[in-house]
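The values are calculated or read from the model by the stated rules, or taken from the named source; none is laboratory data. Remember, it's a predicted structure, so these values are computed and weren't measured experimentally. Here Cβ is always computed from backbone atoms with ideal geometry, including for glycine, and neighbour counts include all displayed protein chains.
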Amino acid sequence: MKIAAPVSLVLAMVIFTILSPTFLTWDNLDGMLADSAIPVLLAVGMTFAVMLAGIDLSMASTLALASVVLGAVYDGGGLVLSVLAAIAVGAAVGAVNGFFVGRVKIPDMIVTLGTMGLVQGIGLIWSKGVPKPVSDHVLTTIASDSVGIFRYNFLIVAGIVLLLHVLLAHTPVGTHLLAVGDNADGSKAMGLRVSRVKLVGYIVCGTMAGVGAVFLVLYVGASQPATNTDYVMKAVAATVLGGTSLFGGRATVWGPALGALLLTVLQTGLTMVGVDAFYEPAVVGVVVLAAATLMRGRK
């Protein structure tokens with residue numbers, strides 16, 4: 001499963017290049033890298049919940065609330081404060097999820113289903129369902145300007161992915177997360193504080209939703225009280241495609257990032273060859289089922 005995402009990505013690129021002569025142009029590749037920013041952030045964030053044998057159904061709602069907070073704080077506090085507030089909201093929702101999953105020991109699906117509704121409601125009540133325009137030169141520069149051939153937004157996302165890779169693969173925190181995901185009872189017997197480890201995992205997951213909200217506002221120029229619920233399904237699909245075990249204990253950061261990029265390539269490629277957009281959720285659903293079936297066989 002570790003090679004599923006890169007192999008599938010290369011295969012998809014080859015197929016769509018054959019089917020559409022304009023697919024493998026720099027303008028299109030640049031656009032796909034930009035479009036993949038939010039899916040990549042959510043996928044690598046979701047990885048920190050799934051590696052604990054859990055899930056976060058509240059990511060899309062957290063993304064929406066964080067964007068609402070960014071828009072509300074921006075007018076009085078400026079860009080830096082509003083961005084920090086959005087990220088803090090994401091981390092706070094993640095902390096709530098982690099507390100109830102780890103300390104109160106409520107199943108993750110029930111907890112995050114509850115916070116999904118709560119967070120979505122808060123965002124809609126606060127904003128009255130109306131997007132808040134955010135026009136800032138720095139955000140526009142990040143979205144449109146480049147360093148060499150890569151846009152700032154891609155470089156920022158790549159840097160975040162690298163940091164999370166270091167956290168997971170080269171620190172005790174990552175080792176503890178994988179250990180708890182693989183065997184929570186055994187980890188507790190070895191002296192690990194399982195509830196605290198789960199709290200950390202869900203905080204990272206929520207924080208990535210907060211960062212994703214910044215990119216959402218960056219792209220659309222306004223807060224979004226109601227976001228696309230497909231974000232959660234795509235995040236899970238990318239996570240599983242990247243080799244993260246749904247049963248916990250096995251994960252990478254680069255794999256889900258490539259999985260999210262693969263889903264973006266599929267979406268763009270299908271559109272360019274004339275496939276109706278209504279087929280996209282079905283394709284993602286098939287991917288999730290197929291990957292989960294393969295993972296079940298390995299387990």
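For the stretch 183-192, give me each residue that is surrounded by 14 or more Cβ atoms within 10 Å (Cβ to Cβ) and either modelled with pLDDT of 95 or more or not in a helix (DSSP H, G or I) (or both).
To start, the set of residues in the stretch 183-192 that are surrounded by 14 or more Cβ atoms within 10 Å (Cβ to Cβ) comprises 183-184, 187-188, 192.
Listed by number, the residues that qualify are Asn183, Leu192.
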remark   = Expected single match for farther than 19 Å from Pro6 by Cβ and either touching a residue at least 12 places away in the same chain (Cβ under 8 Å) or among the β-branched types (Val, Ile, Thr) (or both) among Val253, Val287, Val240, Val275 is Val275
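Just give me the residues in the stretch 107-153 being in a strand (DSSP E or B) and not aromatic (Phe, Trp, Tyr), in sequence order.
The answer is Pro133, Ser146, Val147, Arg151.
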message = Against the conditions (1) more than 19 Å from Val211 (Cα to Cα); (2) modelled with pLDDT under 95, where does Gly77 fall short? Just the number, please.
response = (1)
inquiry  = Out of everything in the stretch 150-169 that is within 22 Å of Gly248 (Cα to Cα) and among the β-branched types (Val, Ile, Thr), what residue ends up being farthest from the chain's Cα centre (by Cα)?
reply    = Val166
note = Result of the Cβ filter at 8 Å on the stretch 22-46, keeping first residues that are surrounded by 24 or more Cβ atoms within 10 Å (Cβ to Cβ) and partners that are in a helix (DSSP H, G or I) and of a type in the set (Lys, Arg), at least 6 apart or interchain, is Pro39/Lys234; Leu42/Lys234; Ala43/Lys234
ask   = Looking at the stretch 72-90, is at least one residue part of a helix (DSSP H, G or I), in contact with an Asp or Glu (Cβ under 6 Å, 6 or more places away or on another chain) and surrounded by 22 or more Cβ atoms within 10 Å (Cβ to Cβ)?
value = no
remark   = So, first residue touching a residue at least 40 places away in the same chain (Cβ under 8 Å) and at negative phi in the stretch 7-18, second residue of a type in the set (Gly, Ala, Ser) and surrounded by 17 or more Cβ atoms within 10 Å (Cβ to Cβ), Cβ within less than 6 Å, six or more apart or across chains; the pairs are Phe16/Gly269
